[in-house]
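Read-outs: derived from the displayed coordinates by stated rules, not from any lab. Worth saying up front: this structure is predicted, and the values here are computed from it rather than measured. Here the Cβ positions follow ideal geometry from the backbone for every residue, glycine too, while neighbour counts run over all protein chains shown.
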Amino acid sequence: MSTCQIYLISPLDVGGTFPGRLARTLDTGAVAAFQFRVKGLDEHAAARLAEPLQALCAARNVAFIVNDSIALAKRLGADGVHLGQSDGDVADARARLGRDAQIGVTCHASRHLAMEAGEAGADYVAFGAFFPSETKATEHRAELELLEWWQALMEIPCVAIGGITPANCAPLVRAGADFLAVSGAVWNGDEAANVLALAEAIRSA
């Protein structure tokens with residue numbers, strides 16, 4: 001029985017009909033966490049878009065994580081923040097968001113960055129990209145051994161990210177990913193059907 005869960009990342013456009021799409025996806029019961037990821041908006045605009053999505057997550061007991069911005073996460077009272085390598089540090093996020101916040105760190109394909117994040121008190125680390133992604137340009141390619149090494153050594157959960165689909169996710173699940181971060185594989189098409197297909201692929205792995 002796999003305990004791997006789905007960590008859903010928003011598309012960049014979360015206006016218009018998107019709240020309805022998110023509700024349909026979360027109503028499948030297959031999503032453990034949702035990351036709000038928008039680019040190029042000021043904090044007020046981002047907060048306006050985030051609030052209805054955060055309410056949908058709260059009503060369904062899905063963790064609401066803000067990408068990149070400690071300030072926005074604090075303003076919203078989000079469940080946590082996901083930090084890239086240039087978005088601030090874990091200690092600062094912990095001081096500003098409190099001890100219950102979920103703080104994740106992008107570690108690319110680096111054992112060193114992951115160990116540093118763990119020592120700094122991160123709640124999870126993210127490795128990738130494992131496959132080419134259409135959502136984000138990928139400079140770093142991670143290998144399955146990285147997940148196996150982390151699982152053997154550390155208690156902190158790890159997230160696999162980058163081009164993950166129902167067709168290619170099984171090796172990541174078997175290698176020990178605690179979460180699979182997906183975006184395009186869900187939002188390109190029928191989101192509810194896509195997320196259920198991914199959940200079934202995880203179960204079958």
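Here are the numbers for the structure shown:
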| item | result |
| --- | --- |
| Tally, over region 125-173, of residues that are buried (at least 22 other Cβ atoms within 10 Å of the Cβ) and of a type in the set (Phe, Trp, Tyr) | 3 |
| Filter result (in a loop (DSSP other than H, G, I, E, B) and closer than 21 Å to GLY128 by Cα) within region 68-88 | ASP68, SER69, GLY84, GLN85, SER86, ASP87, GLY88 |
| Single residue of VAL81, VAL14, VAL66 found to be of a type in the set (Val, Ile, Thr) and either farther than 17 Å from ASP123 by Cβ or loosely packed, with under 14 Cβ neighbours inside 10 Å (or both) | VAL14 |
| Matching residues in region 86-99 - criterion: being within 14 Å of GLY118 (Cα to Cα) and exposed (fewer than 14 other Cβ atoms within 10 Å of the Cβ) | ALA91 |
| Residue in region 136-144 that is among the hydrophobic types (A, V, I, L, M, F, W, C), under 28 Å from LEU22 (Cβ atoms) and touching a residue at least 24 places away in the same chain (Cβ under 8 Å) present | yes |
| Residue in region 21-36 that is under 20 Å from THR106 (Cβ atoms), touching a Ser or Thr at 6+ places or on another chain (Cβ under 8 Å) and surrounded by fewer than 21 Cβ atoms within 10 Å (Cβ to Cβ) present | no |
| Residues within region 19-67 that are assigned to a loop (DSSP other than H, G, I, E, B), closer than 18 Å to ALA199 by Cα, out of contact with any strand residue (DSSP E or B) (no Cβ under 9 Å at 6 or more places or on another chain) and among the charged types (D, E, K, R), tallied | 1 |
